[in-house]
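J.: My questions all concern the structure below.
The values are calculated or read from the model by the stated rules, or taken from the named source; none is laboratory data. Worth saying up front: this structure is predicted, and the values here are computed from it rather than measured. Note that each Cβ is placed from the backbone with ideal geometry, even for glycine, and that neighbours are counted across all protein chains shown. Areas reflect the complete protein model, heavy atoms only, side chains present, ligands, DNA and RNA absent. Shrake-Rupley method; radii C 1.70, N 1.55, O 1.52, S 1.80 Å.
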Amino acid sequence: MEMDLTPKKAEAMFEGDGGSYYLWSTSQVPALASNNVGAGLLVLQPQGFALPHYADSSKIGCILQGTDGIVGMVLPNAGKEVVLKLKKGDVIPIPIGALSWCFNNGDSELIMVFLGETSQAYVPGQFTYFILSGTLGIMGGFSTEVITKAYNLTNEGANKLTKSQQGSMILKLQKDQHKIPEPQMDKTKQMVYNIDSAKPDHGIKNNGGLVTTVTDLDFPFVAEAGLSVIRVKLEPNATKAPLYLTIPSTQLIYVARGSGKIEIVGFNGKLVLDSKVEAGQLIVVPKFFVSAQIASEVGMEFYSIVTAKRPMFEELAGKSSIWEAMSPQVQQVVLNVDPADLEKL
């Protein structure tokens, strides 16, 4: 089975004064569709406002840059909006069907990458958004008759409700023109997890870096998305040993900073990817495939989601690897070497 896993950067879907949204399409990255995962990148300029919307996929938002983001969310059947604060290092789950909006109240760009699972999506491998208002808004699609009766409005009121917002997707607000709700810090602690402040799971050989995994054991709200999150920081020239997921799950990787190399081995020991990677690129690791990464001289940092609530990995090298778990006799047979040679490995 041939599979194109070439790392790719996102393509612009929307660009405006308030910000931009970039998407990895299935035509650009076919492996997204076959593995039911998707990704998007939101860049909000200062005072940028992403209009309220919901999507056909559960996803995780990872804040790559920014100090003063605000997100509002109405969870399915919740009946009330929660308003949360966002900053660099934060992870925020967004369950399928949840209505949300986002505002950059800071003085620099707010950048978020969204990684998610698309088995219920209209287009497997892509997020489809349903925007509440604006030129692409759902409200504008209904007849005046429906709007007047549903909201108990006059025809003039219905026209204002559906037609007054002429923006599309992302707006640029004038400072102090609109009052955005203040974040609820108690809710933020429950629904946002700062991975920068979390204790890493383990280090990488020879002080080569740190791995931090976020599951529902650490952060119960992430279970609402049915996903888990991993952040890997590799020091310059460090290597992350080959590993694979022991449960049938896909890993979707976004390179946030730095550069390096990734290799992926699939069926019948075939090397299906041997590529340089850099910040901004996306890589799909299909279920049971084995991947390894090597950082460049500037190091590398990447976020990934796994389509399982509690992922389980097995490494193929290192003290805690399955290789070390095997008996020396079996290792000798596997490698077809003498015992003396085995001791040198």
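J.: For residue 250, enumerate residues with amide H under 5 Å from its amide H, sequence gap 5+ or separate chain, H modeled in the peptide plane.
T.: 307
J.: Hey, another quick one. Average projected area of the Cα convex hull of the range 125-173, in nm²?
T.: Orientation-averaged projected area of the Cα hull: 4.3 nm².
J.: Now a separate question. At 1.4 Å probe size, with every protein chain present, just tell me what the per residue accessible area of the chain comes to in Å².
T.: That works out to 50 Å² per residue.
J.: Calculate, in nm to one decimal, what residue 259 and residue 180 gain on full extension: separation in residues at 0.36 nm each, minus their alpha carbon distance.
T.: Once the chain is fully extended between residue 259 and residue 180, it gains 24.7 nm.
J.: Compute a Gaussian network model of the chain, connecting alpha carbons closer than 10 Å, and tell me which residue from 153, 316, 335 fluctuates the most.
T.: Per the Cα network of the chain with a 10 Å cutoff, 335 tops the list.
J.: Continuing with the same structure: Set the Förster distance to 30 Å, then compute FRET efficiency between residue 15 and residue 138 from the Cβ-Cβ distance, nearest 0.05.
T.: 0.85
J.: Just want the answer: with Cβ charges of +1 for Lys and Arg and -1 for Asp and Glu, which residue in 289, 238, 222 is farthest toward the dipole's positive end in the range 199-345?
T.: Value: 222.
J.: In Å, what Rg and Dmax follow from the Cα atoms of the range 266-324?
T.: Radius of gyration, then largest Cα-Cα span, for the range 266-324: 13.3, 35 Å.
J.: Hey, which of these cross-link pairs are over 29 Å Cα-Cα: 9/240; 88/319; 87/160; 85/205?
T.: 88/319; 87/160; 85/205
J.: Once the convex hull of the C-alpha atoms of the range 136-264 is built, how many Å³ does it hold per residue, rounded to a whole number?
T.: Cα convex hull per residue, to the nearest whole number: 243 Å³.
J.: How many nm is it between the label spots at residue 146 and residue 2, if each spot is 7 Å from the Cα in line with the beta carbon?
T.: So the label points at residue 146 and residue 2 sit 4.5 nm apart.
J.: Distance between the C-alpha centers of the range 266-321 and the range 182-218? Whole Å please.
T.: Centre-to-centre distance over Cα atoms comes out at 20 Å.
J.: Could you work out Rg/(2.2 N^0.38 Å) for the range 242-298, with Rg from alpha carbons only?
T.: Normalised Rg, Cα atoms only: 1.12.
J.: Going by amide H atoms built from the backbone, whose H comes under 5 Å of the H on residue 118, apart from near neighbours?
T.: Residues meeting the criterion, in which the H sits 1.01 Å from N, are 37, 38, 125.
J.: Here is a follow-up. Output the Cα-based Rg and Dmax of the chain in Å, rounding Rg to one decimal and Dmax to a whole number.
T.: 22.7, 89
J.: How much length, in nm to one decimal, is gained on full extension between residue 333 and residue 317, taken as 0.36 nm per residue of separation minus their Cα-Cα distance?
T.: 4.0 nm
J.: Follow-up question, since we're still on this one. What is the calculated FRET efficiency for residue 198 to residue 154, with r their C-beta to C-beta distance and R₀ = 45 Å, to the nearest 0.05?
T.: About 0.25, to the nearest 0.05.
J.: What number, in nm² with one decimal, is the all-direction average of the projected area of the convex hull of the alpha-carbon atoms of the range 173-215?
T.: Over every viewing direction, the Cα hull of the range 173-215 projects on average to 5.4 nm².
J.: Okay, moving on. Using alpha carbon coordinates only, what is the Rg to Rh ratio of the range 19-99, with Rh defined as the Kirkwood radius?
T.: 0.98
J.: Could you size up the charge dipole of the chain around its Cα centre, putting +1 on the beta carbon of Lys and Arg and -1 on that of Asp and Glu, and report it in debye to the nearest 20?
T.: Roughly 560 debye for the chain.
J.: Can you grab the distance from the C-alpha centre of the range 51-80 to the C-alpha centre of the range 150-180, Å, no decimals?
T.: Cα centroid of the range 51-80 versus Cα centroid of the range 150-180: 20 Å apart.
J.: Among 115, 217, 86, which one shows the highest mean-square fluctuation when the chain is modelled as a Gaussian network with alpha-carbon springs under 10 Å?
T.: Its mean-square fluctuation being the largest, the pick is 217.
J.: Using only alpha carbon pairs under 8 Å that are at least six residues apart, calculate the relative contact order of the chain and give it in whole percent.
T.: After rounding, I find 17 percent.
J.: Further question: Got a number for carbon plus sulfur as a percent of the chain's accessible area, 1.4 Å probe?
T.: 52 percent
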